[in-house]
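Notes for the one structure printed next.
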Amino acid sequence: MVEAGFTTVVSLLPGNQNVRSYERAGIEVHLAPVDSEHEEAAVEHAFEVLAKVLADPDAKVLVHRDFVDDTVGGILAGYVVFAGLVDDPRVAAMVIQEIIGRPLGPSGRGLIPAAGV
C-alpha cells in the first residue's frame, strides 16, 4: 500500500491485533511476537522475519508495537548487528538511540547480539 508509505508490517505484539485491517488494506503482515520476557527464540525469529522482508530492496517496513519502547529499539539495534550492517553492538545502540530519540535501557540493550553472531 503505497499511500500508507509502507508495504509490509512486522508486528512484535503477542496477539494478532490489526492483522485483518492490514490485510484488507493489501499490506503484507508478519507476526514476530516478542513479549516482556524477551525469549531468545522469539528475538531470533524477529531478526529472521526482518531479514526476510528487508531482502526486497523495494520494501517499506513498519515495525508495529504499542509503543516505541526498549523492545522496539533493542530489536532494531539487534537486527543491525544480526544483519552484519554494524559490527559493534555499541554503535548499533547509538544509531538506534539517535533514530528513536531516547536512550535504550538495559532490557533493550540485552536484545542486541554480540558481533559475529
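Tabulated data for the structure shown
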| read-out | value |
| --- | --- |
| Test: Val19 is open to solvent by less than 30 Å² (accessible area, probe 1.4 Å), over 16 Å from the mean Cα position of the chain (by Cα), more than 26 Å from Ala114 (Cα to Cα) and of a type outside the set (Lys, Arg) | yes |
| Helices (runs of 4 or more DSSP H) enclosed by the range 8-90 - at least 1 residues per element that are within 17 Å of Pro106 (Cβ to Cβ) and of a type in the set (Val, Ile, Thr) | 40-54, 70-82 |
| Residue match in the range 68-80 (condition: aromatic (Phe, Trp, Tyr) and at pLDDT 95 or above) | yes |
| Residue list for the range 32-61, filter: within 11 Å of the chain's Cα centre (by Cα) and under 11 Å from Leu12 (Cβ atoms) | Ala32, Pro33, Val34, Val43, His45, Ala46, Val49, Leu50 |
| Residue list for the range 96-117, filter: more than 20 Å from Leu54 (Cα to Cα), among the aliphatic types (A, V, I, L, M) and surrounded by 23 or more Cβ atoms within 10 Å (Cβ to Cβ) | Leu104 |
| First in the range 61-87 and touching a residue at least 24 places away in the same chain (Cβ under 8 Å) and aromatic (Phe, Trp, Tyr), second anywhere and in a helix (DSSP H, G or I) and open to solvent by less than 50 Å² (accessible area, probe 1.4 Å), Cβ under 7 Å, 6 or more apart | Tyr79/Phe47; Tyr79/Leu50; Phe82/Phe47 |
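Matching residues to (1) surrounded by 16 or more Cβ atoms within 10 Å (Cβ to Cβ); (2) among the acidic types (Asp, Glu):
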site	(1), (2)
Asp35	no, yes
Glu40	no, yes
Val49	yes, no
Asp58	no, yes
Gly78	yes, no
Gly84	no, no
Pro89	yes, no
Met94	no, no
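The values are calculated or read from the model by the stated rules, or taken from the named source; none is laboratory data. Here the structure is a predicted model, which means the values were calculated and not measured. With ideal geometry, Cβ positions are generated from the backbone for all residues, glycine too; neighbour counts draw on all protein chains shown. These accessible areas exclude ligands, DNA and RNA; they are computed on the full protein's heavy atoms, side chains included. Shrake-Rupley method; radii C 1.70, N 1.55, O 1.52, S 1.80 Å.
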